[in-house]
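Comments concern the structure below.
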Amino acid sequence: MEAKVVRWGDDLAVKLSSEEVRALGLSEGQIVEVTPKRRRITADEMFAEMRRLGPAHEPEMIDWGPDRGSEIIDDNDPR
């Protein structure tokens, strides 16, 4: 569920509709725990940030050796 943070005088409050309150079984004065939603970053964003921070923040390359078994990809395979 997502809720909107709104201004309430000098404070901020999380606004829930009456339907959401009923669905959650909440009542006035009840104490609840609120945790911020963390935005997931994409691999492209992660790599861009590593490049921005410089070479010291890029992982070292690891040579795992030659491909074997199902790791071998035949570029001419029509599948």
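All of the numbers you see were taken from the coordinates with simple rules; none came from a lab. The model shown is predicted, which means the values in this text are computed figures rather than measured ones. Neighbour counts are summed over all protein chains in view; Cβ atoms, including those assigned to glycine, are modelled from backbone coordinates with ideal geometry.
Assorted remarks:
- Breaking point among (1) of a type outside the set (S, T, N, Q); (2) touching a residue at least 12 places away in the same chain (Cβ under 8 Å); (3) assigned to a helix (DSSP H, G or I), for V34: (3)
- Within region 47-69, the set of residues being surrounded by fewer than 10 Cβ atoms within 10 Å (Cβ to Cβ) and in a helix (DSSP H, G or I) comprises R52, P55, A56, G69.
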